[in-house]
Amino acid sequence: MDREPKPGSSISEIDVFAALNVVLGTGVLGPSGSVRPDMVFLIEGEYQRRVVGTPRHRRIGNHERYELIVEYDGEYWHRHHERRDITKYPYVGDGPEVMRLRMQPLRRLRPVDISVPSRADATTCARLALLHLAHRPLPFLISEALMQRIGIYLQFCATPLAEGDIACGLCAELDHVLREGVEFYHTSGSPMQVNDSSLWDFAQLARALSDRSQHIDGLWVPDPNERHWEQAEAEAVSPSFTQRHQIALGHHSVQDIQSTPTESVAR
């Protein structure tokens, strides 16, 4: 696929795209079109259906694909433009998945969005995005093969994500399980030891979190100040990680105080 940067792409966008594309491998940076997203990936999805008479889902194939649009929202260009950013992709249960990497102190606009530490490097942004992607609910479940690639990539990184970098309690749960199977060595002559069982635990927990958060997307409405989904998300976090999740919410302080519903769509 074409990976030439679009005119006006920042170095940060290009670096985040490159880091994500190592794992996702199907990306296009700044594809042409009327909306001009920052980057688009074709995700290996997992198609499931509910079995009549049971509360569970039965896997019937893992080759369903969907588009993942990723937007990189820096504070300078996106401060006080929440309504403009929402109207760029006004999907409610239809269309591709749209994930925004929102630099703190910008608020997240949707459950799929990620709060990223200010001035975080591209690799940190990519690792946070992949953690969040791993526990997305139906209809955006990822395939087992992609889940494994994400787990291996996250384990392979030489140092763990800092606790303060993960602003999602569900992601923190996943990261904790994955890190339980890794011992980090800081001497150049010692290898990093990886426990394969933790990859299995990672995948199983990711599926459980997908089920646990299934209802959250349905609470979202295209109004940045209607945040019932955010409260439901906090309630879905395990008690051990609730405090970290609440602390993370404190990083979101920039609201949409200047924009109006008629503001023009973002470029």
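Quick notes on this structure:
- Rolled with a 1.4 Å probe across the full set of protein chains, the surface gives Phe241 an accessible area near 30 Å².
- Rolling a 1.4 Å probe over the protein chains gives Val35 an accessible area of about 50 Å².
- Amide H within-cut-off set for Arg100, under 5 Å, with H built and near neighbours excluded: Glu71, Asp113, Ile114
The values are calculated or read from the model by the stated rules, or taken from the named source; none is laboratory data. Remember, predicted model here, so these are calculated numbers, not experimental data. The accessibility values were calculated without ligands, DNA or RNA, using every heavy atom of the protein model including side chains. Shrake-Rupley method; radii C 1.70, N 1.55, O 1.52, S 1.80 Å.
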